[in-house]
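Participant: Could you have a look at this structure, given as C-alpha cells, before my questions?
Nothing in this text is a laboratory measurement; each read-out follows from the coordinates by a stated rule. None of these values were measured; they are calculated from a predicted model. FYI the Cβ positions are ideal-geometry reconstructions off the backbone, even for glycines, and counts take in every protein chain you see.
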Amino acid sequence: RIPCLCGSAPCLLCRCCPSGNNSTVTRLIYAAFMLLGVGVACIMLMPGMEAQLKKIPGFCEGGMGSSIPGAVYRVCFGMAMFFLLFSLLMIKVKSSQDPRASVHNGFWFFKFAAATAITVGAFFIPEGPFTTVWFYVGMAGAFCFILIQLVLLIDFAHSWNESWVEKMEEGNSRCWYAALLSATTVNYTLSLISLVMFYIYYTHTEGCTENKVFISINMLLCIGASVMSILPKIQESQPRSGLLQSSIVTLYTMYLTWSAMTNEPDRKCNPSLLGIIGYNTTSPTGRDHVVQWWDAQGIVGLILFLMCVLYSSIRNSSNTQVNKLTLTNDESALIEDGPSHPENFEEGDGVSRAIDNERDGVTYSYSFFHFMLFLASLYIMMTLTNWYSPDANYEMMTSKWPSVWVKMSSSWICIALYAWTLVAPLVLTNRDFD
C-alpha cells in the first residue's frame with residue numbers, strides 16, 4: 001500500500017513481524033537500509049563490474065570511480081552522507097511528538113529515494129583528490145566504529161556471563177557450569193591456535209620484527225587481563241566477573257592483531273590466506289601485490305559488522321553505564337510479552353502493529369544511532385577494500401602502515417576498556433556499579 005511507504009515503521013512490518021516496540025522496528029528498518037547498501041557495495045566487487053560502469057555515459061570518466069575500490073568508496077559515500085544528514089537533523093529529538101520524529105520513523109519511500117540519489121550522484125563527483133581524502137576520512141571513521149564495536153563486545157560478554165551465572169544459581173548448576181566452562185575453553189583454545197599460527201606464518205627468524213612485537217605484546221596483555229579478572233579484589237567487587245568475558249576479549253584481540261598484520265606493506269611478513277594454504281597469488285606478470293578483495297580478513301570483518309549493527313538495533317542491555325554511553329535505556333526490547341500501554345497499540349484490518357513507546361520520551365538517541373550508522377558505512381568501506389590506500393596515480397591500491405597502527409591501537413584500547421570495567425568499582429568507590 002502506498003500510504004505505508006510514506007507512513008511510520010509499524011505499517012511496513014505489521015504483517016510480517018510480531019508486535020513489538022516502534023523504536024526497535026524503526027532501527028531494524030534502518031539496519032535493513034544499511035545491509036542493502038552493503039549488498040550494493042559487494043556487487044561492485046564482482047568481476048566485470050568495472051567494465052560495465054565505464055559504459056555509462058558521464059559516469060566516473062577518467063577516474064577511480066569506475067574501478068573496484070572507487071566504486072565501493074562512492075557507494076559508501078552515499079550511505080555515509082545519508083546517515084550523517086539524519087544524525088544532524090535528529091539532534092535533541094526528545095519524544096515521538098517532535099515533528100522530526102515522524103521523519104525518522106516514517107516516509108520510507110522518500111528516504112530510500114534520497115539515499116539512492118545521493119549514492120548515484122557520488123559517481124559524478126570529479127576524481128581529483130576525492131579518493132585519497134575519503135580514504136583518510138574512512139580510516140578515522142572506521143577506527144571510531146571499532147571502538148563502538150569494543151563497547152558492544154564488552155557489554156555482550158558481561159551480559160552473556162551474567163545470564164548464564166544467573167541460570168546456574170537458579171538450578172541445574174552442573175549443566176550451566178559445564179556450558180560456561182566449555183564456552184570459555186573454546187574461546188581460549190581458538191586464541192591459542194591463532195597465536196601459534198601468527199608466530200608460524202607472520203614472523204620469520206630474520207625480519208618481521210614489528211609482527212613479533214605486536215603478537216608478544218597482545219599475548220601478554222591478554223594474559224594480564226585474564227589473571228586480573230579472577231583476582232580476589234576484583235571478585236569481591238564484581239562477583240560475576242570471570243574468565244568467560246576475558247576469553248571473548250582475548251579472542252577478539254587476536255582477530256584485531258591478525259587483521260592489523262594483514263595490512264602490512266611487506267608481503268614477506270603478510271602472506272595471504274590463499275598463499276598459506278598453498279595457492280599461487282601472484283599475477284601473470286610476476287607481481288605479488290595483486291589486490292585480493294574477498295580475503296578471509298574482510299569476510300570476518302563483514303560478519304562482525306553485521307552482528308554489531310543487528311545487536312545495536314535490538315540490544316536491551318542491563319548495563320546502565322553502557323546505556324549512558326550509547327544514549328539508550330532499557331525500554332527497547334525487541335518483543336514485549338504484552339503492551340504496557342494498550343492505548344498505544346495500533347490495529348488496522350485485524351492486524352496488530354507496533355507500540356509507540358516513545359510518546360513520553362525517546363528510548364535511544366536518534367542522532368547517535370544515525371551517527372553510528374555513518375561510522376558503520378565508513379567501516380564497511382574500509383573492510384571491503386581491505387584498508388588499502390590508492391597510490392598517487394590512482395592505478396592501484398596498496399597497504400599502508402597507518403592502517404596497521406589503527407587496528408593495533410584499537411586492540412590495545414579493547415584490552416584497556418575491559419580492564420577498566422574490572423577496576424572501575426575499586427577506583428571510583430563513590431559510584432554505584434550494580
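Participant: Note the full-extension length gain between ASP98 and GLU169 as 0.36 nm times their separation in residues minus their Cα-Cα distance, in nm to one decimal.
Facilitator: Values: separation 71, 0.36 × 71 = 25.56 nm, distance 4.50 nm.
Once the chain is fully extended between ASP98 and GLU169, it gains 21.1 nm.
Participant: If the chain between VAL196 and LEU147 were fully stretched, how many nm would it gain, using 0.36 nm times the residue separation less the Cα-Cα distance?
Facilitator: Taking 0.36 nm per residue and subtracting the Cα distance, the gain is 15.0 nm.
Participant: Moving on to the next point. Using each residue's phi in region 177-191, evaluate 6.51 cos²θ - 1.76 cosθ + 1.60 at θ = phi - 60° and report the 3J(HN,Hα) Karplus result to the nearest Hz, with x for Gly and Pro.
Facilitator: Listing the rounded values in order: 5, 5, 5, 5, 5, 5, 4, 5, 5, 4, 4, 5, 5, 4, 5 Hz.
Participant: Sort 73-83, 364-374 by the packing proxy (mean of other Cβ within 10 Å over each peptide's residues), most packed first.
Facilitator: Numbers: 73-83: 25.4, 364-374: 22.1.
Descending packing order for the listed peptides: 73-83, 364-374.
Participant: Explain nothing, just compute: Karplus ³J(HN,Hα) = 6.51 cos²θ - 1.76 cosθ + 1.60, θ = phi - 60°, for every residue of region 110-122 in order, whole Hz, x for Gly and Pro.
Facilitator: Those phi angles translate into 5, 5, 5, 5, 5, 4, 5, 5, 5, 5, 5, x, 4 Hz.
Participant: Okay, next question. Farthest toward the dipole's positive end in region 138-260, which of LEU256, HIS158, PHE198, given Cβ charges of +1 (Lys, Arg) and -1 (Asp, Glu) about the Cα centre?
Facilitator: PHE198
Participant: Still on this model: At what distance in nm do the modelled label points of HIS204 and ALA114 sit from each other, each positioned 7 Å from its Cα along Cα→Cβ?
Facilitator: 5.4 nm
Participant: What distance in nm separates the simple spin-label points at MET228 and ARG267, each placed 7 Å from Cα in the Cβ direction?
Facilitator: 4.0 nm
Participant: Given R₀ = 22 Å, what would the calculated FRET efficiency be for LEU310 paired with ILE43, taking r from the Cβ atoms and rounding to 0.05?
Facilitator: After rounding to 0.05, the efficiency reads 0.55.
Participant: On a full-extension model of 0.36 nm per residue, what is the gain between LEU89 and ALA178, subtracting their alpha-carbon distance, rounded to one decimal in nm? Provide the component values of the computation, followed by the final result.
Facilitator: Numbers: separation 89, 0.36 × 89 = 32.04 nm, distance 4.95 nm.
Length gained, LEU89 through ALA178: 27.1 nm.
Participant: Once label points are set 7 Å from the Cα along Cα→Cβ at both SER216 and GLU127, what is their separation, rounded to one decimal in nm?
Facilitator: 4.5 nm
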